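The values are calculated or read from the model by the stated rules, or taken from the named source; none is laboratory data. On a predicted model such as this, the values are computed, not experimentally measured, just so you know. No Cβ is skipped: glycine too gets one built from the backbone with ideal geometry, and neighbour counts run over all protein chains shown.
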């Protein structure tokens, strides 16, 4: 996915939801802070979004812009409408959102997760692909381990699970010589 495609997804989702702003919280949110993110971080053809004000329109986003929709067939990427509560997010994430707004979004707003918050959220899920995503962010020095460790500490998961993620981060930092 490219930044231009993210902007297209933002404007399309806002139009379908009849909302001026959406949260962008899947992996492609990285394009908010890093428009030229490495290709390894831009592999998904899916943008996860949640309308800010019109949560009743999540299903409409999926129906009109989701996987296998005409939008997907036409543009080669799709928009997955989800409730923001579906994401595991660290404390204070809303204060760090990255605004994506301009001609490419028709001045609608995509509120993208900041890189450390995105990595913490990915590590909250802790799937192989999510750990790989966080590893690239660290290896490319797009995020730093100290800030990521602090964000992991505030994830809404059991203490033993936060400790597991912290240990993964410690081992990964050693592996990457951070």
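Points to keep in mind about this one:
Residue by residue, here is whether (1) more than 24 Å from residue 137 (Cα to Cα); (2) free of Cβ contacts under 8 Å to residues at least 60 places away in the same chain; (3) within 14 Å of the chain's Cα centre (by Cα); (4) surrounded by fewer than 16 Cβ atoms within 10 Å (Cβ to Cβ) holds:
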{"residue": "4", "(1), (2), (3), (4)": "no, no, no, yes"}
{"residue": "14", "(1), (2), (3), (4)": "yes, no, no, no"}
{"residue": "47", "(1), (2), (3), (4)": "no, yes, yes, no"}
{"residue": "63", "(1), (2), (3), (4)": "yes, yes, no, yes"}
{"residue": "73", "(1), (2), (3), (4)": "yes, yes, no, yes"}
{"residue": "83", "(1), (2), (3), (4)": "yes, yes, yes, yes"}
{"residue": "95", "(1), (2), (3), (4)": "no, yes, no, yes"}
{"residue": "100", "(1), (2), (3), (4)": "no, no, yes, no"}
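- Tallying residues that are over 14 Å from residue 151 (Cα atoms) and crowded, with 16+ Cβ neighbours inside 10 Å within the range 169-178 yields 2.
- Boolean, residue 51 is surrounded by fewer than 17 Cβ atoms within 10 Å (Cβ to Cβ), touching a helix residue (DSSP H, G or I) at 6+ places or on another chain (Cβ under 6 Å) and within 23 Å of residue 97 (Cβ to Cβ): no
- Residue, farthest from residue 29 (Cα to Cα), within the range 102-117, restricted to residues that are touching a residue at least 60 places away in the same chain (Cβ under 8 Å) and out of contact with any strand residue (DSSP E or B) (no Cβ under 8 Å at 6 or more places or on another chain): 106
- Complete set of residues in the range 21-55 that are in contact with a strand residue (DSSP E or B) (Cβ under 6 Å, 6 or more places away or on another chain) and either modelled with pLDDT under 95 or part of a loop (DSSP other than H, G, I, E, B) (or both): 25, 26, 52
- Where helices (runs of 4 or more DSSP H) fall wholly inside the range 60-169, the ranges with 3 or more residues that are in contact with a helix residue (DSSP H, G or I) (Cβ under 6 Å, 6 or more places away or on another chain) are 115-125, 128-139, 145-152.
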